[in-house]
Amino acid sequence: MAKNNNKGPIMLYAYRVLATGSAFLFFNLGGLILTLTVFPLIRICLPKGKVQTKYARKVIHYTFKGFVGYMRFMRIISLQVDNVELLKQAKGKVVIANHPSLIDVVVLISLLENADCVVKSALWRAPFIGGVVRSAGYIANDTDPEEFIQACKSSLSAGANLVVFPEGTRTTPGELPCFKRGAGNIAVRTQSDFLPVLIDVSPTTLTKGEPWYKVSPKRVKVHLVVLPEYQVTEYSQTDSDAKSVRLLTKNIEKYIRKEMQAHG
């Protein structure tokens with residue numbers, strides 16, 4: 001009888017590995033299919049420039065929405081978003097978040113119809129999602145500094161919401177986030193307010209250096225808390241930009257850490 005009782009957890013874990021594997025396959029094949037079919041049609045049928053980018057991002061938004069829905073349907077994750085209306089109403093904001101998991105950006109873009117994103121340049125050349133990144137016009141983080149800020153300013157001025165993870169990499173489990181100055185530099189130089197988002201993934205999954213097949217034995221709870229806008233107008237450009245960026249980075253890091261501890 002004891003042997004039969006042990007089969008339940010083993011079968012459940014096997015299911016979760018297979019379900020997670022199917023999600024990765026769905027994600028990568030989806031990116032490849034979009035690159036080979038939908039995005040070429042957008043380039044052929046729509047005017048070049050902002051119109052193509054707008055529709056490419058809309059396609060990505062709904063694709064990611066479908067992907068998140070698939071993960072929920074397969075009971076890989078559950079999703080709770082507090083104050084989601086703040087995301088839906090956002091326009092021209094720098095959306096910042098801690099970064100506990102590989103799926104954070106997918107969840108955020110599934111909630112933001114016109115999302116731009118600062119990405120690692122390696123993603124532009126990635127075999128499955130490189131075409132998605134290029135078609136969306138996401139901003140590479142190794143662009144010339146002045147061109148980078150100009151690209152951010154142009155995107156934000158057009159009403160897009162720019163998704164940035166201030167840590168620059170995924171958070172180490174159990175540690176509070178430590179922000180680099182990139183997000184602060186964007187906010188100060190473009191005078192665009194932050195829209196902070198807290199992300200909690202429990203139990204942890206797809207953390208830095210963790211393989212996809214190391215799955216949790218139970219469904220992962222993904223909980224987002226959207227905080228009120230964090231205004232940057234007091235960080236004036238008339239003073240030294242570098243000083244303003246340092247102060248803003250220090251203050252927003254302190255604020256996010258405090259909110260993370262408050263939300264437990």
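Below, the figures for the structure above:
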{"quantity": "Range of Cα positions in the chain per principal axis (Å), largest first", "calculated": "75, 49, 31"}
{"quantity": "Antiparallel content of DSSP bridges confined to the chain, in %, to 5", "calculated": "30 percent"}
{"quantity": "Efficiency of FRET from Cβ geometry, V84 and N28, R₀ 35 Å, rounded to 0.05", "calculated": "0.80"}
{"quantity": "FRET E, pair K120, Y255, Förster distance 30 Å, beta-carbon r, rounded to 0.05", "calculated": "0.70"}
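None of the figures in this text is laboratory data; all of them are computed from the coordinates on show. Treat the numbers as computed from the prediction; the structure is a model and nothing was measured. Note that each Cβ is placed from the backbone with ideal geometry, even for glycine, and that neighbours are counted across all protein chains shown.
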